[in-house]
2 protein chains.
Amino acid sequence: MQNRVLLVEDDDELRQLLARYLTNQGFSVREAANGNDGLSLALGQNCDIVVLDIMLPDISGLDVLRSLRADTHLPVVLLTARGDETDRIVGFEVGADDYIPKPCNPRELVARLQALLRRIAWDQAVEVDAARTYGDLRVEPSHRRIYQDDKPLELTATEYEVLQVLLAHAGSVVRKTDLMQWALGRRLEAYDRTLDMHISNLRKKLGNDDPPRIETVRGLGYSYRVPT
Amino acid sequence: MQNRVLLVEDDDELRQLLARYLTNQGFSVREAANGNDGLSLALGQNCDIVVLDIMLPDISGLDVLRSLRADTHLPVVLLTARGDETDRIVGFEVGADDYIPKPCNPRELVARLQALLRRIAWDQAVEVDAARTYGDLRVEPSHRRIYQDDKPLELTATEYEVLQVLLAHAGSVVRKTDLMQWALGRRLEAYDRTLDMHISNLRKKLGNDDPPRIETVRGLGYSYRVPT
DNA sequence: CATTCGGTGTCAGCGTGATGTAAAGGTTGT
DNA sequence: ACAACCTTTACATCACGCTGACACCGAATG
């Protein structure tokens, strides 16, 4: 994927240096030497990410960002010579995604750009697998519910956690100590039968099938039978 | 939104300092003093974002991140004393979202955490404000009124806020702490039953149906039953 | 094979903390 | 002063996680 980056920077030398580096790294680069041109290009919806210097000849990079944020959520990385930490806070408050002090290492700039683009790609893919399905069971984290054949199971908070962990590892064994940590949030102590009880109750609510959906792996833990 | 941050840092003093600061800033904080505990907690799906030190007593923070990335896209901010730029590149390549060198200004840490969480919220935002109708209820923000079957409900100001928040998240659980913050504009303190009262009154005004339109999710919050 | 022992299944009851709600108290605006 | 309404108090209720007790089972041991 060829990402389009908009470089807003008034120092010609630095801008051309970065442009060349970014191009070599596989980006498609657009350039602007002042705030107004930058804002105009950014609003043109022809780029995926913006690298924005704060000190610009016409309007401040922060103002460019403010205008941009009035309309879009375009990812923006601020670039600046000022090292003052208060400036950084302001940058983030105005809506920046990242903030790199000059002089910046081009490699770090690229790494941060890619991290940001990767994050966006991940987030937008989330909607797809948000509802996880395992055979006749469907986990809906937002509702905090698990459906069996589209009918909600009446689970308690802890039961939900336990089953959700087992499903997330469907097909493989989850050790009791891990299950305890992940679902109950505490360490498994000796003679603690709590987990066994929750498993027992879960099996009851899931319908005591044979073979059981939740298999016991003696001496180890439990495993949700992967649907075939 | 009360965000849950997991703090993985072996230096007790620094960890507690940051934990306190983050709590003051409205985060709900979980802590781990080594890599294994941190990984375990992170996999437990009980937090929204991770702050991860690289130098840990047992396994490297980078290895923790690698393991995490095998399963999840949980946002991770690396924290480290090393200033070497090569390290940063590696951090990003392994899947970090941000990288802050120590000593870090807590304010900057919070700003970066919030920027990252904001980015995720933006990316995942679907068309929210389009439909302001939920079954037989219709929200009209301009008049601060909610209509049931085109007849206005006689709601007090606070009741309107509470119901409007619940409707905006119809179908998902709204944590009590968030509901308090969003509708009442203040922190939920222990033994504060105000919210419960407003819910009780709302249910009365909405007609005490069965199943109730406003469902209780014990230990978490409430959720408006999505009309089917 | 019989015995032992630790791991597991589960019933029933307890205790704690969360929730529902009536009523009283306090605050604000008119 | 009065009404409206948010908040607090108080009490009843309930959900549910947890534990003790006992039965059962499988593996190891002699």
Legend entry - P(r) tail fraction, region B:156-215 - alpha-carbon pairs more than 18 Å apart, %: 30 percent
Inset, instruction - Note down the magnitude of the dipole of the protein assembly as shown about its Cα centre, charges +1 on Lys and Arg C-beta and -1 on Asp and Glu C-beta and zero elsewhere, to the nearest 20 debye. - result: 1360 debye
Inset, instruction - Starting from a label point 7 Å past Cα on the Cβ side, list the distances from B:GLY219 to the same position in the other copies, nm, shortest first. - result: 3.2
Inset, instruction - Would you mind listing how long region A:11-82 runs along its three principal axes, going by Cα atoms, in whole Å with the largest first? - result: 33, 25, 19
Inset, instruction - Let me know the charge dipole size of region A:1-138 about its Cα centre in debye, to the nearest 20, where only the beta-carbon of Lys, Arg (+1) and Asp, Glu (-1) is charged. - result: 480 debye
Inset, instruction - For chain A, set up a Gaussian network in which alpha carbons nearer than 10 Å are linked by springs, and say which option among A:ASP97, A:ASP63, A:ASP136 fluctuates the most. - result: A:ASP136
Legend entry - Kirkwood hydrodynamic radius over Cα pairs of the protein assembly as shown, then Stokes diffusion coefficient at 20 °C and 1.002 mPa s, in µm²/s: 87 µm²/s
Inset, instruction - Put a label point 7 Å from Cα along the Cβ direction on B:PRO141, then list its distances to the equivalent points in the other copies in nm, shortest first. - result: 2.7
Legend entry - Nearest-ten-degree value, helix A:85-94 long axis tilted from longest Cα axis of chain A: 70 degrees
Inset, instruction - Please order A:ARG112, B:ARG218 by the number of other Cβ within 10 Å, starting at the fewest. - result: B:ARG218, A:ARG112
Inset, instruction - Normalise the Cα radius of gyration of chain B by 2.2 N^0.38 Å (N = residues in it) and let me know the number. - result: 1.22
Inset, instruction - Rank the residues B:MET180, B:MET197, B:MET1 as a footprinting-exposure proxy: fewest other Cβ atoms within 10 Å of their Cβ go first. - result: B:MET197, B:MET1, B:MET180
Legend entry - Volume of the Cα convex hull of region A:101-207, divided per residue and given in Å³: 169 Å³
Legend entry - In degrees, nearest ten, helix B:12-24 long axis to first principal axis of chain B (Cα): 20 degrees
Inset, instruction - For chain A, find the longest principal axis of its Cα atoms and tell me its angle to the long axis of helix A:157-168, 0 to 90°, nearest 10. - result: 80 degrees
Inset, instruction - Compute log10 of I(q)/I(0) for region B:33-121 with the Debye formula, placing one identical point scatterer on every Cα and leaving out solvent, at q = 0.19, 0.21, 0.26 Å⁻¹, to two decimals. - result: -0.86, -1.06, -1.52
Legend entry - For chain B, built as a Gaussian network whose Cα springs stay under 10 Å, the top-fluctuating residue of B:SER142, B:SER40, B:SER172: B:SER142
Inset, instruction - Starting from the Cα of B:LYS102, draw a straight line to each of the lysines and keep only those under 19 Å, dropping any in the same chain fewer than 8 residues away. - result: A:LYS102
Inset, instruction - Output the pairs from A:LYS151/B:LYS176; A:LYS151/A:LYS204; B:LYS176/B:LYS205; B:LYS151/B:LYS204 with a Cα-Cα distance over 18 Å in this structure; if there are none, say none. - result: A:LYS151/B:LYS176; B:LYS176/B:LYS205
Inset, instruction - Output ³J(HN,Hα) for region A:26-42: one whole-Hz value per residue in order, computed from phi by the Karplus curve 6.51 cos²θ - 1.76 cosθ + 1.60 with θ = phi - 60°, and x for Gly and Pro. - result: x, 8, 9, 10, 10, 10, 9, 9, 8, x, 5, 4, x, 4, 4, 5, 4
Legend entry - Per-residue Cβ neighbour rank within 10 angstrom, fewest leading, B:VAL8, B:VAL90, A:VAL217, B:VAL165: A:VAL217, B:VAL90, B:VAL165, B:VAL8
Inset, instruction - For region A:155-220 and region B:124-203, write down the distance between their C-alpha centroids in whole Å. - result: 36 Å
Legend entry - Charge dipole (chain A, unit charges on Cβ, about Cα centre) - positive-most of A:LEU22, A:PRO152, A:ASN201: A:ASN201
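Since every read-out is calculated from the coordinates, none of them should be taken as a lab result. The model shown is predicted, which means the values in this text are computed figures rather than measured ones. Every residue, glycine as well, gets a Cβ built from its backbone with ideal geometry; the counts of neighbours run over all protein chains shown.
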